[in-house]
Amino acid sequence: MHNLFTVIQFELIRTLKKPSFWISVLATPALLAFIFGIIIFSQKTSDATQAEINKKPFSLIVMDETKLISDTSIKQLNATRADNKQLAINKVSSAEVDAFFYYPKDAVKNQIEVYNKNDGLTANDKYTLVAKNLLISASTNAIDAPELLSIAKGNINVNQKSYEKGKEINLVGSMIAPAIFLVIFYSVIVLLGNQMLASTTEEKENRVTEMLLTSLSSKTLIVGKIASLVALGFIQIITILTPVVFVYLFARERLNIPDISNFTQVITIEFWPVFIGAGLLVSGFLLFTGLLVGIGAASPTAKEANSFFGVIILIMFIPFYFFSLLMSPEPSIVISILSYFPLTAPVTLMTRNAFGTIGINEALIGLAVVFISGVVAINIAIQIFRYGTLEYSKRLSLRSIFKPKNNVIKSK
Amino acid sequence: MSNNKSPLVSIKNFRMDFDKTTVIKDLSFSVEAGEIFGFLGSNGCGKTTTIRALLGLYEPTGGSLLINGKKFNPRNTGRRLGYLPEERGLYKKEPVIDIMTYFGKLKGMKSNEAKKWSLDYLDRVELSDKSKIRLDKLSGGQQQKVQLGVTVMNNPELLILDEPTKGFDPVNRRLLMDIIEEQNKKGAGVIMVTHQMEEVERLCNRAILLKDGKAEAYGTIDDIKDNFGGQRIILRYKGKLQSRPNFFQIKEQDTSYAELIPKPNVDPQRILRELAICGNLQITTFDIQKPSLDEIFVSIYGEEVKHA
């Protein structure tokens with residue numbers, strides 16, 4: 001394609017020079033970092049305050065009808081035992097003591113009663129916490145065998161294995177790789193969708209099409225624009241991921257970020273799900289790019305083209321309204337329709353592919369539908385651009401787009 | 001791009017239909033290398049359609065449209081083409097130098113070469129200090145200068161200018177004319193699509209007048225004037241001018257001046273002889289004039305323009 005590299009270079013460099021591009025790229029991670037920063041800071045402050053409160057000793061009376069709480073435990077808390085419940089409550093209400101815990105005979109059926117002076121909404125929780133822990137600790141101490149004690153404390157490891165058609169499968173692990181394609185597809189369309197729409201309206205609004213089309217074909221221009229959009233997508237992803245990787249590598253422990261090195265060992269990579277996922281990503285990208293570029297070329301202004309963006313996103317994510325059906329191994333009629341209707345097929349098929357609820361044959365047919373639709377969409381977009389951008393301030397009718405002979409469009 | 005055997009532009013039996021409407025019926029003309037050619041017609045008569053078909057933007061319904069004997073192709077013929085379309089503009093939000101370099105590269109120039117050419121041109125049109133400024137920050141006149149620069153990059157062999165003076169201020173109109181003449185002197189063939197007759201008369205060697213999808217007149221400017229517009233006689237006299245309906249029609253007259261329109265097939269010399277034998281008329285001057293292109297244009301399109 002003559003002049004393709006020149007177009008890609010021009011489109012790429014001029015976008016990278018725009019501050020608005022970097023603002024849009026960095027806005028999302030910056031906003032997320034800001035929100036997480038606030039959450040972590042508040043959590044730390046709150047934890048520190050809570051710890052400070054919990055450390056503060058308080059005077060306590062305990063009345064234990066379960067007979068499980070030992071004197072040692074009572075002594076450790078600097079508490080005293082009570083015989084008269086009402087008297088103990090009165091001592092709390094008259095501020096003689098800070099708290100009174102009443103443990104009824106059957107603590108499983110009956111409620112533990114906690115009476116305390118008011119220390120504020122969050123600080124009051126410490127009394128309930130101490131009351132519960134005191135009984136749990138007393139109960140587990142009653143178990144003689146250390147093994148039973150460990151089980152009672154929930155220290156249990158489980159190793160689960162699932163089988164399908166006589167083969168062991170790792171359901172969660174095998175979901176991860178195909179699901180990544182869905183995440184990439186979603187991110188690319190959301191991040192680049194507006195640029196796809198606006199990429200051809202600029203030529204139209206600025207009346208620059210005729211001069212361009214005497215130096216290159218409309219196909220070269222559209223392919224060049226799409227290639228530059230793909231490159232911009234990679235740059236966006238790298239820009240977003242680079243600080244995340246740096247933070248993980250160099251500040252993971254300081255920020256208490258979980259270690260994911262074990263997690264990567266869980267991922268299972270299988271040929272067909274990955275092949276179908278990658279194919280759907282590429283074909284879906286082609287389809288939606290063609291659609292968005294075509295809408296851009298048919299609309300007289302970028303503003304008008306942008307009004308279609310929400311509609312496209314809505315159509316694209318309709319499958320998520322049927323999320324529970326997508327997880328079912330037996331597809332319903334609705335899911336079958338969504339799987340083969342070009343605009344809903346990419347997300348439907350990618351989700352089913354991730355959940356493993358689609359057979360290879362069905363997935364390949366769906367992939368073929370999306371791929372063919374993508375190629376057709378790109379060609380129609382080129383056709384619309386070729387004719388539509390010469391119509392300048394007019395909006396194209398569907399008739400004029402699909403009757404190229406009458407409109408003397410020349411496909412190149 | 002050059003091919004000595006073929007005219008620079010050759011259009012034969014060109015027909016163009018849009019749905020059921022025929023815009024061009026049967027159009028044939030050629031443009032030779034190194035000439036300035038006027039492509040004339042009223043609004044909507046199909047001039048821009050013809051140019052777009054010549055440049056491959058429209059698929060013709062019939063006929064052939066060739067540049068140097070070949071159908072237009074951006075890869076080869078496009079490199080030495082300078083095209084100023086009627087609907088014109090550039091990337092408004094990009095710096096001037098980036099736009100010019102981009103178009104230079106599209107026309108086959110190397111990046112450095114295109115940049116150097118652009119800076120030289122901007123210097124020539126007194127815009128060297130604006131090279132890094134966004135196009136939309138320039139005045140309308142300055143933007144026109146940039147547009148002209150982009151049009152003539154890479155020494156075009158063929159310049160097609162569709163309504164070139166449309167929207168141009170007088171200073172830039174002068175610059176445009178200078179550039180056309182300059183490019184023509186360098187050997188470029190020029191097609192001027194216009195209805196500005198004075199420009200055509202001043203610059204063009206040959207022209208075609210398009211009406212109802214056909215060539216109404218075609219040839220050198222003098223041929224068109226001779227064949228289409230006829231002649232008129234400016235007469236200055238003393239005495240009394242008598243009407244001779246068989247020989248001429250008096251268009252304007254006062255006591256010493258008259259403008260005579262000869263009847264078809266009547267030679268001006270015959271009129272002179274007729275007037276000379278009138279005893280009470282003394283002829284001071286007898287000047288045979290051809291009509292201006294503007295007058296021919298009005299006579300052809302007058303009714304059309306009135307009804308437009």
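The values are calculated or read from the model by the stated rules, or taken from the named source; none is laboratory data. Here the structure is a predicted model, which is why all the values come from computation and not from measurement. Methodologically, a virtual Cβ is constructed for each residue, glycine included, from the backbone with ideal geometry; neighbour enumeration extends over all protein chains shown.
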Checklist outcome for this item: residue B:233: passes all of (1) surrounded by 19 or more Cβ atoms within 10 Å (Cβ to Cβ); (2) outside any strand (DSSP E or B) but (2)
Next on the checklist: Checking the structure you have, find out if any residue of region A:169-177 is in a strand (DSSP E or B) and under 26 Å from residue A:328 (Cβ atoms).
Outcome noted: yes
Checklist entry - Just one of B:106, B:122, B:57, B:66 is buried (at least 18 other Cβ atoms within 10 Å of the Cβ), in contact (Cβ under 8 Å) with a residue 60 or more places away in the chain and under 23 Å from residue B:188 (Cα atoms); which is it? => result B:66
Item to check | Cross-chain or 6+ apart pairs with Cβ under 6 Å, region A:311-330 first and at pLDDT 85 or above, then outside any helix (DSSP H, G or I) | outcome: A:315/A:343; A:318/A:344; A:319/A:344; A:325/A:332
Checklist entry - Are there any helices (runs of 4 or more DSSP H) wholly within region A:1-112 with 3 or more residues that are aliphatic (A, V, I, L, M), and if so which? => result A:4-16, A:19-55, A:85-93
Next on the checklist: Kindly evaluate residue B:284 against the criterion of being under 21 Å from the mean Cα position of the chain (by Cα) and either of a type outside the set (Gly, Ala, Ser) or not assigned by TED's automatic domain parsing to the domain that holds residue B:47 (or both).
Outcome noted: no
Item to check | The lone exception for residue B:105 - which of (1) facing chain A (nearest Cβ under 9 Å); (2) assigned to a loop (DSSP other than H, G, I, E, B); (3) closer than 18 Å to residue A:8 by Cα it fails | outcome: (2)
Next on the checklist: What's the total number of residues in region A:206-223 that are within 11 Å of chain B (Cβ to nearest Cβ), buried (at least 21 other Cβ atoms within 10 Å of the Cβ) and in contact (Cβ under 8 Å) with a residue 12 or more places away in the chain?
Outcome noted: 9
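Please work out if residue A:73 is modelled with pLDDT under 90 and within 14 Å of chain B (Cβ to nearest Cβ). Spell out the reasoning first.
Working: modelled with pLDDT under 90: yes; within 14 Å of chain B (Cβ to nearest Cβ): no.
No; evaluated as a whole, the condition is false for this residue.
Against the condition away from chain A (no Cβ under 14 Å) and either within 23 Å of residue B:296 (Cβ to Cβ) or not aromatic (Phe, Trp, Tyr) (or both), how does residue B:27 come out, does it pass?
Values: away from chain A (no Cβ under 14 Å): yes; either within 23 Å of residue B:296 (Cβ to Cβ) or not aromatic (Phe, Trp, Tyr) (or both): yes.
Considered against the rule, which asks whether it is away from chain A (no Cβ under 14 Å) and either within 23 Å of residue B:296 (Cβ to Cβ) or not aromatic (Phe, Trp, Tyr) (or both), residue B:27 comes out as yes.
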Checklist entry - For region A:66-95, what are the residues that are under 24 Å from residue A:55 (Cα atoms), surrounded by 13 or more Cβ atoms within 10 Å (Cβ to Cβ) and either within 49 Å of the chain's Cα centre (by Cα) or of a type in the set (D, E, K, R) (or both)? => result A:69, A:73, A:74, A:77, A:91
Checklist outcome for this item: Here, strands (runs of 3 or more DSSP E) confined to region B:169-228 with at least 2 residues that are touching a Cys at 6+ places or on another chain (Cβ under 8 Å) are B:206-211
Next on the checklist: I need every pair where a residue in region B:72-86 that is facing chain A (nearest Cβ under 9 Å) has its Cβ under 6 Å from the Cβ of a residue that is part of a loop (DSSP other than H, G, I, E, B) and among the charged types (D, E, K, R), sequence separation at least 6 or different chains.
Outcome noted: B:79/B:107; B:86/B:163
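Looking at this structure, is residue A:41 over 18 Å from residue A:230 (Cα atoms) and of a type outside the set (Ser, Thr, Tyr)?
In short, yes.
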Checklist entry - Taking the stated definitions as given, is residue A:179 away from chain B (no Cβ under 14 Å), within 27 Å of the chain's Cα centre (by Cα) and crowded, with 17+ Cβ neighbours inside 10 Å? => result yes
Next on the checklist: Would you confirm, using the coordinates I've provided, whether residue A:386 is in contact with a helix residue (DSSP H, G or I) (Cβ under 6 Å, 6 or more places away or on another chain), assigned to a helix (DSSP H, G or I), of a type outside the set (A, V, I, L, M) and modelled with pLDDT under 90?
Outcome noted: yes
